[in-house]
Amino acid sequence: MSLADRLTAEITAREGDLIELTQALVRVPTLNPPGRHYREICDLIATRLSRSGFTSEFIRAEGAPGDSDAWPRWNVVARREGARPGDCIHFNGHTDVVEVGHGWTVDPFGGLLKDGKVYGRGTCDMKGGLAAAIVAAEAFVALCPDFAGAIEVSATADEETGGYGGVAYLAERGWFDPVRVQHVIIPEPLNKDRVCLGHRGVWWAEIETKGRIAHGSMPFLGDSAIRHMGAVLEEMERHLFPLLASRETDMPVVPEGARQSTLNINSIHGGEPEQEPGFTGFPAPCVADRCRIVIDRRFLIEEGIDTVKSELRDMLEKIRADRPGFSYEIRELHEVLPSMADRDAPVVRSTAAAIERVFAKAPDFVCSPGTYDQKHIDRIGRLKNCIAYGPGILDLAHQPDEWIAVDDMADSARVMALVMEDLLAPEA
């Protein structure tokens with residue numbers, strides 16, 4: 001029996017273990033914000049991998065956004081050296097999950113197994129993928145202990161809030177330097193028969209319009225910042241949104257609508273602050289002197305960040321020229337440039353070949369509509385040979401009753417094991 005066939009059989013034999021590991025990860029409620037139980041889940045993963053000869057380092061992202069003594073940003077990198085020199089393949093998964101929200105019919109941190117699915121917050125995004133990578137690495141090491149190079153598995157913090165306390169922090173300190181790591185797979189949920197090459201760019205900004213407070217019975221003595229913001233929103237509707245919809249990328253972004261440029265208004269705040277729950281009084285009669293919106297601009301690799309920023313400022317300057325009393329400020333929150341691996345990159349070729357072996361069909365090559373931690377590995381770590389590949393359906397992420405199929409995790413583990421065989425197995 002070939003090594004590939006034995007690896008496939010070994011993953012099948014470990015399916016029960018794969019389920020139990022996924023459940024164990026889900027039962028650690030690593031909610032972000034604020035960043036709960038990061039050290040606990042790192043300890044779980046390090047203890048687990050130590051049984052297969054991995055040694056682990058714990059890295060706290062001191063000084064990173066969100067890090068504090070109350071909510072420390074812990075990360076773990078586990079490494080298993082091979083029998084002789086060779087490349088290092090690194091599997092990276094984030095441990096944080098978003099808020100639970102409403103509408104659940106099962107315990108979001110119970111790890112319920114039902115009808116071939118594991119339910120819970122983070123099962124799909126992305127503890128199921130992390131569990132699949134761990135089991136794949138364990139199976140490969142068990143069957144091929146004399147492999148060349150090294151295998152790393154990292155579990156990192158804060159991907160859901162930008163990754164600055166996780167992968168970005170590690171990348172700044174050389175953990176993804178191409179000299180020490182040559183191949184990276186991030187098991188994000190983008191379907192088990194797809195290779196995700198990269199993602200669109202993002203620019204977040206806050207726009208504030210300014211006015212003058214006055215008594216609500218005499219609004220003519222004030223200047224409403226909310227009305228000024230209404231002019232901003234109207235200009236977006238009439239001109240900016242149609243302009244963005246007219247652009248389309250050559251990147252294979254999914255779903256189809258995300259091949260266009262997009263802009264989302266995340267929030268709007270103006271006038272008197274909302275009162276605490278339980279307040280039974282009435283609002284004060286005042287003209288709003290401030291109004292703020294937060295925008296989430298997703299842009300294409302063909303556009304460029306300078307174009308994204310300048311066209312918004314040009315729009316606001318046009319409004320100022322046409323509207324008496326209009327005054328505004330822009331505060332940039334953060335930006336991420338688009339990232340895309342080359343289809344001929346070694347990890348892309350190897351993963352594509354493994355998918356074809358497991359599913360007897362050529363894979364789809366896609367890009368993600370949103371960013372993930374590839375951005376930091378690419379831009380900070382200077383490592384281009386990085387993809388996302390993992391089990392799960394992206395549409396289920398952040399939803400109530402989030403789940404991942406056991407069959408999908410097992411199939412993805414088989415693919416990842418075959419990638420290790422291709423890149424690290426000793427020559428015959």
ask   = Given Asn75, Asn92, which one is more than 18 Å from His183 (Cα to Cα), modelled with pLDDT of 95 or more and in a strand (DSSP E or B)?
value = Asn75
note = Restricted to segment 386-420 and to residues being surrounded by 21 or more Cβ atoms within 10 Å (Cβ to Cβ) and among the charged types (D, E, K, R), the residue nearest to Met126 (Cα to Cα) is Glu402
Selection count where residues are surrounded by 18 or more Cβ atoms within 10 Å (Cβ to Cβ), within 16 Å of Asp378 (Cβ to Cβ) and not aliphatic (A, V, I, L, M), scope segment 155-182 = 10
ask   = For segment 317-331, what are the residues that are open to solvent by less than 80 Å² (accessible area, probe 1.4 Å) and either of a type in the set (Lys, Arg) or on the phi < 0 side of the Ramachandran plot (or both)?
value = Glu317, Ile319, Arg323, Phe326, Ser327, Tyr328, Ile330
request  = Residue by residue through segment 234-244, note down the ones that are more than 18 Å from Gly370 (Cβ to Cβ) and among the hydrophobic types (A, V, I, L, M, F, W, C).
outcome  = Met236, Leu240, Phe241, Leu243
ask   = Does Ser52 meet the test of being closer than 30 Å to Thr351 by Cα and assigned to a strand (DSSP E or B)?
value = no
key: Which numbered condition Val97 misses (of (1) open to solvent by 10 Å² or more (accessible area, probe 1.4 Å); (2) within 18 Å of the chain's Cα centre (by Cα); (3) under 30 Å from Phe140 (Cβ atoms))   = (1)
task = May I ask you to list pairs of residues, at least six apart or on different chains, whose Cβ atoms are under 7 Å apart, with the first in segment 392-415 being farther than 11 Å from Gly128 by Cα and the second being open to solvent by 20 Å² or more (accessible area, probe 1.4 Å) and β-branched (Val, Ile, Thr)?
result = His398/Val98; Asp401/Thr105; Asp401/Val106; Asp411/Val358; Arg414/Thr8; Arg414/Val358; Val415/Val358
key: Residues being β-branched (Val, Ile, Thr), in contact with a Phe, Trp or Tyr (Cβ under 9 Å, 6 or more places away or on another chain) and open to solvent by 10 Å² or more (accessible area, probe 1.4 Å) - total across segment 370-385   = 1
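Here's the yes/no breakdown for (1) surrounded by fewer than 16 Cβ atoms within 10 Å (Cβ to Cβ); (2) under 24 Å from the mean Cα position of the chain (by Cα):
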{"residue": "Ser52", "(1), (2)": "no, no"}
{"residue": "Asp67", "(1), (2)": "no, yes"}
{"residue": "Ala83", "(1), (2)": "yes, no"}
{"residue": "Pro108", "(1), (2)": "no, yes"}
{"residue": "Ala131", "(1), (2)": "no, yes"}
{"residue": "Ala148", "(1), (2)": "no, no"}
task = Identify, from the list Asp344, Asp306, the residue that is open to solvent by 50 Å² or more (accessible area, probe 1.4 Å), in a helix (DSSP H, G or I) and not polar (S, T, N, Q).
result = Asp306
task = Return the only residue of Ile293, Ile355 being among the β-branched types (Val, Ile, Thr) and either part of a strand (DSSP E or B) or touching a Gly at 6+ places or on another chain (Cβ under 8 Å) (or both).
result = Ile293
query = Checking Glu188 against (1) open to solvent by less than 30 Å² (accessible area, probe 1.4 Å); (2) acidic (Asp, Glu); (3) assigned to a helix (DSSP H, G or I), which single condition isn't satisfied?
reply = (3)
note = Within segment 217-244, the count of residues that are more than 29 Å from the chain's Cα centre (by Cα) and closer than 15 Å to Gly270 by Cα comes to 11
inquiry  = Just to be sure I understand the filter: pairs with C-beta atoms under 6 Å, separated by 6 or more residues or on different chains, first member in segment 351-380 and among the hydroxyl-bearing types (Ser, Thr, Tyr), second member open to solvent by less than 50 Å² (accessible area, probe 1.4 Å) and modelled with pLDDT under 95. Which pairs pass?
reply    = Thr371/Val336
Selection from segment 216-235 of residues that are in a loop (DSSP other than H, G, I, E, B) and open to solvent by less than 50 Å² (accessible area, probe 1.4 Å) = Gly216, Gly222, Ser224
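The values are calculated or read from the model by the stated rules, or taken from the named source; none is laboratory data. Computed from a prediction, not measured in an experiment: that's the story for all the values here. Note that we place each Cβ from the backbone using ideal geometry, even for glycine, and neighbour counts take in every protein chain shown. SASA here: full protein model, heavy atoms, side chains in, ligands and nucleic acids out. Shrake-Rupley method; radii C 1.70, N 1.55, O 1.52, S 1.80 Å.
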